[in-house]
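S.K.: Structure incoming, see below.
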Amino acid sequence: MIKVVVLLRRSESWTRERFHRWWLEEHVPYAKKLPALRKYRVCLVTGSTTHEGKEPWDGIAELWFDNRAALDAAWSSEVGRIALAHSRESHADRLVLITEEHEPIG
């Protein structure tokens, strides 16, 4: 199983609330349409114990695909290109990690 982990930092002109609302209400419908997407999770940052008020990231997305070929096909699809373009409207920075998931306790 391939899991993509995406960390996003909102644009400075956006409040955290606006960013969270954009993600849940506007962006999630695009991402849910990605072909071969097995699971999708959005984690919205609400605070931190080390950077309170100046968190380096505002949200984390996790997307699961059966394999790298399925991921590549999803991103290169029309829906994938639209979702990526829509995402670029909202953030100042992002970090995308492609991982191979292992579940030692499950």
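Every read-out reported here was derived from the displayed coordinates using simple, explicitly stated rules and does not represent laboratory data. From a predicted model like this one, the values you see are computed outputs, not experimental measurements. Neighbour counts are summed over all protein chains in view; Cβ atoms, including those assigned to glycine, are modelled from backbone coordinates with ideal geometry.
S.K.: Sum -39500 (n - 2.57) across every DSSP H segment of at least 4 residues in the chain, then divide by the residue count to get the 222 nm mean residue ellipticity, nearest 500.
M.R.: Calculated from helices alone, the mean residue ellipticity at 222 nm is -7500 deg cm²/dmol.
S.K.: Let's see if you can work this out: charge +1 on each Lys and Arg Cβ, -1 on each Asp and Glu Cβ, no other charges. What is the dipole magnitude of the chain about its Cα centre, in debye to the nearest 20?
M.R.: For the chain, the charge dipole is close to 180 debye.
S.K.: Ok, one more. I want the local charge near Gly80. Using Cβ-Cβ distances under 11 Å, sum +1 for each Lys or Arg and -1 for each Asp or Glu among the other residues.
M.R.: Local charge sum for Gly80: 0.
S.K.: Among residues other than Arg38 whose Cβ falls under 13 Å from its Cβ, what is the net charge (Lys/Arg +1, Asp/Glu -1)?
M.R.: +1
S.K.: Shifting gears a bit: Evaluate the distance, in nm, between pseudo-label points positioned 7 Å from the Cα of Glu103 and of Glu89 along their respective Cα→Cβ axes.
M.R.: Here the modelled spin labels are 3.4 nm apart.
S.K.: What net charge do the residues around Leu7 carry, taking every other residue with its C-beta under 10 Å from that of Leu7, with Lys and Arg at +1 and Asp and Glu at -1?
M.R.: 0
S.K.: Points 7 angstrom from Cα along the Cβ direction at Arg18 and Arg41: gap in nanometres?
M.R.: So the two model labels end up 3.0 nm from each other.
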